[in-house]
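The values are calculated or read from the model by the stated rules, or taken from the named source; none is laboratory data. All of these numbers come straight from a predicted model, not from anything done at the bench. Don't worry about glycine lacking a Cβ; one is built from the backbone with ideal geometry, like all the others, and counts go over all protein chains shown.
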Amino acid sequence: MFSFFKRKPTPVTPSPDTAPEAADTPDTPVPAAAEPVNTVPEPVAVVESTPVPLVAAEPEPEPAGTETARRPSWTERLKAGLSKTRDKLGKQFAGLFGGGKIDEDLYEELEAVLLTADMGVSATQHLLDDVRKRVSLRGLKDASELKGALKDALLDLIGPLEKPLDLQRAAPLVIMMAGVNGAGKTTSIGKLAKYFQTLDKRVLLAAGDTFRAAAREQLAEWGTRNNVTVVSQQGGDAAAVCYDAIQAAIARKIDIVLADTAGRLPTQLHLMEEIKKVKRVCNKALPDAPHEILLVLDANIGQNAVQQVKAFDDALGLTGLILTKLDGTAKGGAIAAIARERPIPMYFIGVGETLDDLRPFSARDYVDALFD
Ligand SMILES: Nc1nc2c(ncn2[C@@H]2O[C@H](COP(=O)(O)OP(=O)(O)O)[C@@H](O)[C@H]2O)c(=O)[nH]1
Ligand SMILES: [Mg+2]
């Protein structure tokens, strides 16, 4: 049986059953409302911060005093987060949009600017063609009018990436993370746990990065901070952990399971097989699970993100993306490259390391933060 512990996971007696096999067998019965079952070979621990129902995150305290003590709003943080990209683009745009004639030289300069923001060749070409059309349709003559046309073109390009995550369509809704090491998977899970709690959702975390003890501890830490349960296992199999987490979520009427996974490169085929197995086993624990497979991308890799998106999508069938660390890079244009080459919904973007620095992606806010 599972054991439920306060904070410190303690091993429980292992069963002779071998869960990875059991979980991987097509005929494995899936209990409708599972008692947590001992289907794993290794000790399983559920770290429970508190047995009371999950509480919605507390509203940010408004410090008494002046307006200046106020925590910056999301729009302000988004703007600050995108400041590197904006500064880089802005300086160049200032020259471009300053005035003068719209001519071929100007288009060439614009092309160079878009490429340096890591938009990639295809998106850059697309944007240039679109801007040319808008310029001719609107009869624009002066370079100062180009900015509006470019903003509109960019908004049209990245707009389709904006899609709300449908949290209602299953309970528990199982969200599996994927991505390379250090992309921000575990941190994003911590942030999302809090974000979903503010929407009155009951959240459970699955410590599916079983390769490193530190990864388990890191997730347990996020669990404690957010007051949510973390299902983890010492050593062993990510698929088994996720299987058990889903069973526990069903039994406890949890709304959302966030499953962490170990980092991997898409070229590491054995590791890609391992994550495919996690996906299959989730599906055995609950039909249609995982409902979401999110690739977490570090914005610092710029347009190389496109290759990662394609490779993970081909292997796993991604349902969405999370772009982290936009605050540390001037390569924020990568979103345009993704929109052009593999338009998978960009559910969330991250602009910092605190709990509140991950929010749903808004194409309009993004374009405004880049240009204004
Ligand atoms: N500046 C910044 N750092 C981030 C962001 N998201 C994650 N990180 C940091 O990136 C590092 C790796 O994150 P982690 O979640 O452990 O990556 P994982 O290996 O994919 O699980 C940590 O130091 C995080 O604090 C972000 O949006 N902005
Ligand atoms: Mg991690």
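Figures for the structure shown
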read-out: Residue among Gly190, Gly182 that is surrounded by fewer than 15 Cβ atoms within 10 Å (Cβ to Cβ) and within 16 Å of ligand 2 (Cβ to nearest atom); value: Gly182
read-out: Tally, over the stretch 65-101, of residues that are modelled with pLDDT under 80, of a type in the set (D, E, K, R) and not in a helix (DSSP H, G or I); value: 2
read-out: Residue in the stretch 43-54 that is more than 30 Å from Asp288 (Cα to Cα), assigned to a loop (DSSP other than H, G, I, E, B) and either of a type outside the set (A, V, I, L, M, F, W, C) or modelled with pLDDT of 75 or more (or both) present; value: no
read-out: Selection count, the stretch 222-253, where residues are more than 16 Å from ligand 2 (Cβ to nearest atom) and of a type in the set (Gly, Ala, Ser); value: 7
read-out: Test: residue in the stretch 281-288 that is basic (Lys, Arg) and modelled with pLDDT under 95; value: no
read-out: Qualifying residue in the stretch 325-334 (condition: at pLDDT 95 or above and part of a helix (DSSP H, G or I)); value: no
read-out: Pairs with Cβ under 7 Å, 6+ apart, first in the stretch 341-354 and closer than 15 Å to Ala183 by Cα, second within 6 Å of ligand 1 (Cβ to nearest atom) and part of a loop (DSSP other than H, G, I, E, B); value: Gly350/Gly184; Gly350/Lys325; Gly350/Asp357; Val351/Asp357
read-out: Subset of the stretch 223-238 that is modelled with pLDDT of 95 or more and not in a loop (DSSP other than H, G, I, E, B) - its residue that is farthest from Ala207 (Cα to Cα); value: Thr229
read-out: Residue within the stretch 208-221 that is in contact with a Cys (Cβ under 7 Å, 6 or more places away or on another chain), over 24 Å from Asp327 (Cα atoms), in a loop (DSSP other than H, G, I, E, B) and within 16 Å of ligand 2 (Cβ to nearest atom) present; value: yes
read-out: Scope the stretch 195-207; condition crowded, with 24+ Cβ neighbours inside 10 Å and part of a loop (DSSP other than H, G, I, E, B); matching residues; value: Ala207
read-out: Residue match in the stretch 287-299 (condition: farther than 19 Å from Leu204 by Cα and either without any contact (Cβ under 8 Å) to a residue 24 or more places away in the chain or away from ligand 2 (no atom under 16 Å from the Cβ) (or both)); value: yes
read-out: Glu217 within 19 Å of Lys185 (Cα to Cα) and more than 16 Å from ligand 1 (Cβ to nearest atom); value: no
read-out: Residue within the stretch 208-217 that is modelled with pLDDT of 95 or more, closer than 24 Å to Leu297 by Cβ and in contact with a strand residue (DSSP E or B) (Cβ under 6 Å, 6 or more places away or on another chain) present; value: yes
read-out: Set Ile275, Ile293: member being over 23 Å from Thr75 (Cβ atoms), over 15 Å from the mean Cα position of the chain (by Cα), crowded, with 20+ Cβ neighbours inside 10 Å and at pLDDT 95 or above; value: Ile275
read-out: Residue list for the stretch 252-267, restricted to those being out of contact with any Cys (no Cβ under 9 Å at 6 or more places or on another chain), over 30 Å from Thr116 (Cα atoms) and more than 14 Å from ligand 1 (Cβ to nearest atom); value: Arg252, Lys253, Ile254, Asp255, Ile256
read-out: Among the candidates Gly223, Gly302, residue that is closer than 30 Å to Gly333 by Cβ and within 16 Å of ligand 1 (Cβ to nearest atom); value: Gly302
read-out: Residue list for the stretch 151-194, filter: within 13 Å of ligand 1 (Cβ to nearest atom) and in a helix (DSSP H, G or I); value: Lys185, Thr186, Thr187, Ser188, Ile189, Gly190, Lys191, Leu192, Ala193
